[in-house]
């Protein structure tokens, strides 16, 4: 393992905390796009988005399990955990932003970039100097030097995986291990369900590598494979189906899906404002109150998740009804026009 | 048996019994054909959700609302009860109030999911209480298949809570998933009445509110993986949905679980080995063909249609080594009767049973959180057994989580009453509704019925459906044994309400939506539970039954009749789990015979 970026357990913990933040950061954009679809319309897009949101929640939980496995403490309530949208993500040499807005061909493009399989080309550095001329939340930065970020999400995870192997080997040489976390803090399938696959306790390098591979395969894949080992379609290709108006099936090439046809009616979507902020809503208006109510419910949800990831996995059972609340609270916002004719309201995720 | 048979096993009916048997056959490498009368519109998510939309948009919401039948595969409907039309020809004197679903997946599409085992004494009603008849097998013989059935369909319960009335379980056994959490109203009612003792004749019975085993997904035990919503594409591939891996408490188990957290037979087909399984929908079995010499079945003639809205069809014949009717208690009997030579000394179709049921409803003294959770999650099982069964029927209660929905049509009916009768509006109306609806409590009092040879399914050339197949003609009478059970159940319900401080509203609303009978000078409004049983009962010899303990026809050696039609008596348990256990047992028996070269 030549010159790993992550040279201590403390740095590994802080990078895994960033992984938790990264996995969560995709949820508000996806969830908002999902709920922006008008009731009953676009059943294919609805199902594709829903499956991806659910798998992101699995990845979030896996990241928390990883951090717990090496003695860290996930905290989804720290200031700045939820990005100020639009957030900045790496796309090879350039950055791109992902925002909170309606499902549209443009948001689909951003979603495809999030999920695009990309590793640094051979001979190229996996580090890229990020632009420093804005104040948005930058994800996938290097440890300690936030002016550098990884070439891609895939590289970000590859660095974590390398570090786990490297640091555990170092520890083993001293008769120790980095897997010092209490196994009782692992969230397993008993309490986590309908969520993109099974969860297993992470207790050693092998179970940790398996977890990272699942995140990479389902999501920000590093290979060109459409289907993962378990027959699941990677997120990039799930989204690409919406662009190509056709489902993939086994044996297809990336360019040419041959499964059943599907269509998306881009007009059957609520015209919600993109990256709306509370400040744009008249204080004291019903919309303002609804936006505050949503943020408050979301904050409580993140607090419940934090408890669930800190030794109380059964709290996930209480977190589920909160998600039903989101749907109702989001609908109060997205069905109603903003004053001044700038589209409909939207959740602001200012937590 | 014919050398040229196309399949090893031909099964009529893609419901729970047919699915479980088909799954076992396919697993053992036998080639299986399943014929389903209804369309295949329940196995891909978009089509299933179209059924959901049909339900949402219907103004009247009955058990069959989401599942409209094809022209060639009509089905009974609750809305037909008071019109002299519909699929059943009802000759009375009492109306048979139950329905079933003729669509891929069968009545498990609309069932509630209650998965109780029959009690040991239910199998020996004649021996123990001098009424009804005895089964040729007992609880102990069936118990291993109950274990398997509970895992096959996915039942949620805690075994510790289910040991009562002599129910025993294999050492170390537990259900595949933990019990569905009791609702708030279950807990409130339990706290109020669990110390209550009720006198029933000479017996004193202690009441206990108890979770019942439910085929709805909950927290799994061990490696068990709950199966949620299916999405099988036109290409035959199953796509992940991440829906329904746990019950969400949508309060719509019957007539359609919006997330498929409740078992339906399609889940069994989805897990079956497709290499050996041929599923043929829109294929209405119309006649069993017999070998004139041996009486063996030589084929099943069926009418295949392309368009569910059309009355045109083509006739085809399916051949196998073994034939299974798993089409429903009524459809099995009807098909056998329509096919000529009768089995079992003219007993086919006789002994039709149900669990005629009453509702008891009232207002709790405070908010009990009605209209939340699955339609029900607990019951009262203490009156399912006892010496009183020599005199009157046993009964059990479901405790609803859905307010007075089933009994009065709440919440709509509550709104209508407040607006039109009480002339409320505005804030007053909202306050009143919030207050009343949240306090609504409802129990279903399901009462045992004994087999009576005069309660029967017959056919009559005068009554045919649009494909020319016979419509079932139903003769049905509720006997005093059951009416007396109803009276006892009503008294117990009133006592429970009193104990819990619940204001009994059961009699203050005239219920015109339900069949009416007169007993002891009083009107009884009862409803069917959908628990058809007894039309091809099993017995120890051909003189008293249609099938043997393996559900094999006494007269046709390669014909098996699956389902609750085989029940000799039905006790008080919902029939699905028992018919599932019997189906698995029969499948094992057939597999052993076929692999034996038989």
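Structure values in brief
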read-out: Residues (away from every other protein chain (no Cβ under 12 Å) and surrounded by fewer than 24 Cβ atoms within 10 Å (Cβ to Cβ)) located in the range A:46-73; value: A:70, A:71, A:72, A:73
read-out: Number of the condition not met by residue A:311 [criteria: (1) farther than 24 Å from residue A:86 by Cα; (2) free of Cβ contacts under 8 Å to residues at least 60 places away in the same chain]; value: (2)
read-out: Qualifying residues in the range A:17-45 (those that are within 10 Å of chain B (Cβ to nearest Cβ) and within 22 Å of residue A:332 (Cα to Cα)) - the one surrounded by the fewest Cβ atoms within 10 Å (Cβ to Cβ); value: A:40
read-out: In the range A:339-351, the residues that are assigned to a loop (DSSP other than H, G, I, E, B) and touching a residue at least 60 places away in the same chain (Cβ under 8 Å); value: A:342, A:343, A:345, A:346, A:347, A:348, A:349, A:350, A:351
read-out: Residues that are within 28 Å of residue A:75 (Cβ to Cβ) and surrounded by 13 or more Cβ atoms within 10 Å (Cβ to Cβ), drawn from the range A:271-284; value: A:275, A:276, A:277, A:278
read-out: Strands (runs of 3 or more DSSP E) contained entirely in the range B:464-581, each with at least 3 residues that are surrounded by 18 or more Cβ atoms within 10 Å (Cβ to Cβ); value: B:473-476, B:559-561
read-out: Output for the range B:228-238, where each listed residue is more than 8 Å from every other protein chain (Cβ to nearest Cβ) and assigned to a loop (DSSP other than H, G, I, E, B); value: B:229, B:230, B:236
read-out: Qualifying residue in the range B:451-461 (condition: in contact (Cβ under 8 Å) with a residue 40 or more places away in the chain, closer than 27 Å to residue B:193 by Cα and buried (at least 24 other Cβ atoms within 10 Å of the Cβ)); value: no
read-out: Complete set of residues in the range A:316-338 that are away from chain B (no Cβ under 14 Å), touching a helix residue (DSSP H, G or I) at 6+ places or on another chain (Cβ under 8 Å) and either closer than 26 Å to residue A:181 by Cβ or not in a helix (DSSP H, G or I) (or both); value: A:336, A:338
read-out: From the options A:276, A:240, residue that is touching a residue at least 12 places away in the same chain (Cβ under 8 Å) and not in a helix (DSSP H, G or I); value: A:276
read-out: Residues within the range A:172-206 that are in a helix (DSSP H, G or I) and touching a residue at least 40 places away in the same chain (Cβ under 8 Å), tallied; value: 3
read-out: Given (1) under 30 Å from residue A:167 (Cβ atoms); (2) within 14 Å of chain B (Cβ to nearest Cβ), index of the condition residue A:115 fails; value: (2)
read-out: Filtered residue count, the range B:239-250, keeping only those that are within 19 Å of residue B:576 (Cβ to Cβ) and facing chain A (nearest Cβ under 8 Å); value: 1
read-out: Enumeration of residues in the range A:127-144 that are modelled with pLDDT under 75 and closer than 17 Å to residue A:7 by Cα; value: A:144
read-out: The one condition in (1) modelled with pLDDT under 95; (2) more than 10 Å from every other protein chain (Cβ to nearest Cβ); (3) more than 22 Å from residue B:268 (Cα to Cα); (4) in contact with a strand residue (DSSP E or B) (Cβ under 9 Å, 6 or more places away or on another chain) that residue B:253 fails to fulfil; value: (3)
read-out: Failed item in (1) touching a helix residue (DSSP H, G or I) at 6+ places or on another chain (Cβ under 9 Å); (2) under 22 Å from residue A:159 (Cβ atoms); (3) in a helix (DSSP H, G or I), with residue A:90 passing the rest; value: (3)
read-out: Top-ranked residue of the range A:285-308 - restricted to ones that are farther than 21 Å from residue A:343 by Cβ and free of Cβ contacts under 8 Å to residues at least 40 places away in the same chain, ranked as surrounded by the fewest Cβ atoms within 10 Å (Cβ to Cβ); value: A:296
read-out: Members of the range B:205-227 that are within 9 Å of chain A (Cβ to nearest Cβ) and crowded, with 22+ Cβ neighbours inside 10 Å; value: B:217, B:226
read-out: Residue that is farthest from the other protein chains (Cβ to nearest Cβ) [pool: residues in the range A:75-86 that are surrounded by fewer than 23 Cβ atoms within 10 Å (Cβ to Cβ) and at negative phi]; value: A:79
read-out: Selected residue [more than 14 Å from chain A (Cβ to nearest Cβ), free of Cβ contacts under 8 Å to residues at least 60 places away in the same chain and either farther than 26 Å from residue B:288 by Cβ or surrounded by fewer than 24 Cβ atoms within 10 Å (Cβ to Cβ) (or both)] from B:59, B:47; value: B:59
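The values are calculated or read from the model by the stated rules, or taken from the named source; none is laboratory data. Here the structure is a predicted model, which means the values were calculated and not measured. All Cβ positions, even for glycine, are placed from backbone atoms using ideal geometry, and neighbour counts span all protein chains on display.
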